[in-house]
1. Mind listing the long-range amide H neighbours of A:VAL175? Cut-off is under 5 Å, sequence gap 5 or more, other chains count too, H placed in the peptide plane at 1.01 Å from N.
2. Could you pull out every residue, at least 5 positions away or on a different chain, whose amide H is within less than 5 Å of the one on A:ALA22? Hs are placed 1.01 Å off N in the peptide plane, and Pro or chain starts have none.
3. Which whole-number percent gives the relative contact order of chain B, counting Cα pairs below 8 Å spaced six or more residues apart?
4. Could you let me know the centre-to-centre spacing of segment A:52-120 and segment A:153-178, using Cα atoms, in angstrom?
5. If I ignore ligands, DNA and RNA and count only protein heavy atoms, how much of B:ARG4 is accessible to a 1.4 Å probe, in Å² to the nearest 10?
6. How far apart are the A:ARG138 label points across copies, placing each 7 Å from Cα toward Cβ, in nm, shortest first?
7. Ignoring ligands, DNA and RNA, what percent of the 1.4 Å accessible area of chain A is carbon and sulfur?
8. From the Cα gyration tensor of the protein assembly as shown, with a ≥ b ≥ c the square roots of its eigenvalues, which class applies: rounded if a/c is under 1.5, or else prolate if a/b is larger than b/c, or else oblate?
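The values are calculated or read from the model by the stated rules, or taken from the named source; none is laboratory data. Just so it is clear, the model here is predicted, and its values are computed rather than measured. In this analysis, Cβ positions are derived from the backbone assuming ideal geometry, glycine residues included, and neighbour counts consider all displayed protein chains. These accessible areas exclude ligands, DNA and RNA; they are computed on the full protein's heavy atoms, side chains included. Shrake-Rupley method; radii C 1.70, N 1.55, O 1.52, S 1.80 Å.
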Protein chains: 2
Amino acid sequence: MGGRALVQWEQNRRNAPEGVEADLYAGGSAPRDLAGIGFYQLPYMPSMAAVSDEHLEIIPRMPDLRVLQLVSAGYEHVLPYLPDGVTLCNGRGLHDASTAEHALGLILAAQRDLPRWALDQREHRWAAVPQRSLADQRVVIVGYGSIGRAIEARLLPFETEVVRVASRPRPDEGVHGVAELDGLLPGADVVVLVTPLTESTRGLFGASRFALLRDDALVVNVGRGALLDTDALLAQKGRVRAALDVTDPEPLPPGHPLWDAPGVYITPHVGGGSAAFHPRARAFVDAQLARWAAGEPLANVVREG
Amino acid sequence: MGGRALVQWEQNRRNAPEGVEADLYAGGSAPRDLAGIGFYQLPYMPSMAAVSDEHLEIIPRMPDLRVLQLVSAGYEHVLPYLPDGVTLCNGRGLHDASTAEHALGLILAAQRDLPRWALDQREHRWAAVPQRSLADQRVVIVGYGSIGRAIEARLLPFETEVVRVASRPRPDEGVHGVAELDGLLPGADVVVLVTPLTESTRGLFGASRFALLRDDALVVNVGRGALLDTDALLAQKGRVRAALDVTDPEPLPPGHPLWDAPGVYITPHVGGGSAAFHPRARAFVDAQLARWAAGEPLANVVREG
């Protein structure tokens, strides 16, 4: 294999293997000459709202395209543009370190009152209050895939107990099915939602599941906003706490009652895109280009061409 | 051994071993009858400023005292009250989980902008900005004792590199001596100060060491405020960041310039006393009473009686 490639980062252009001629394209105005491009790494733009879809719209003008490479995990938005015969690969795993890290940040923020200290600092107030801990807590991870595993690895040294839940039970891995979730919630101190959003997970965490939680339990959402029923959370009035990197609606508009809800801490969907993402994404694209040049099976194929 | 004991927590009274008669004393007015007390667990009071020293002043009125048990690591404040012939045991290790957990909270807060999101939430502002990460960072732990090890264990799954520094080098454990610190600082992304405060560590981190750090490096202090030179930090004007659970002066008074210094995040000395401390302290006192009753060697002896 081999041929022309369009890539986003200079490292990948520089490291292009023998037989691959790589050009840079980071979005915006497309290169004039799209003929001969066999491998296209779709530019990653953290703020999708700010850019046009030109990087998608040029796909049909690539007659020789064989591989469309994403560095995001989600790929639904690309399917309408995907020609027959083109293999689609996603960026599964590239955001794991970043997202898992942020999940721990949210949990520690909620358990150790980090938002309170930020507000007190602004007012020059030194006033310790008794602190919860993460140690000794039972954490139920709903969505035990690669990010769920990365969260678990970071939780265990904190002297926690982790309970694994996925859509289907996997007894050899100690993973419960979501059908068992209701029985697990009364024993949970922390619940982390990190499952994909599908029609069966939409509203996964609503009034009946909140009702099963202990007073002062914590629900963390680093998946998608619509996994959690916002009205059901508001109805808790602080009985159950929440730390949310994703919300429904998203972005959360000024004036929305969730902003001021007691026991709720909100970050603006910054879990996956931290600095940890970039070296992992560049290394993955390097490796993928090398596989393509050598005619080896590609990684992270989500649709064979 | 065995005899009368004074303990702070009901669990320890209830679990007192055969041959030990334990009474509760949580500070304040002392029991009338102090005769026969052989084991005294000095009450732990997170807010020392709010209480009298009566729990210390009753020590000379215990003619049969053999063991004075602290649940704090520090013991200097007790030495003036310690009679000859009484063995002093401290609470080394009981705060490790709590302090290490808070150290990670401070690091994640600084790397992932958690204080910013708390302030934005108050103003209903949803505005992501590019995020640093903890992944891939080189963290130098200055003070590689039991808390330093607990911090390391929690850091490693975040895909970090840890560099160990203690007062003296311990080559078999890969621990550098503090004499090597200056050579390690230019390669550090994060420096965690967790060494005891002594005359040789006072002002350990001052202007010359700040000058060795990269732009945007982070200094975390969970040890004692005076390890770090506050004026030298203020002179950084945000070039180097800091996350501080302890300060000099402490408490930090309203109007002090450190409150508003750029890149500085402050928590009010809440590292060691979270909920994680209590079950560990009660379990330790249970075990220590059992050792005392059985005539076995005590743990955490800091001065033999």
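1. A:ARG170
2. Placed amide hydrogens put A:ALA5 under 5 Å from A:ALA22.
3. Taking the mean separation of contacting Cα pairs over the length of chain B, I get 18 percent.
4. Each part reduced to its Cα centre gives a spacing of 24 Å.
5. Surface open to solvent at B:ARG4 totals about 40 Å².
6. 4.3
7. Carbon with sulfur: 51 percent of the solvent-accessible area.
8. Judged from the Cα gyration tensor, the protein assembly as shown comes out prolate (a/c at least 1.5, a/b above b/c).
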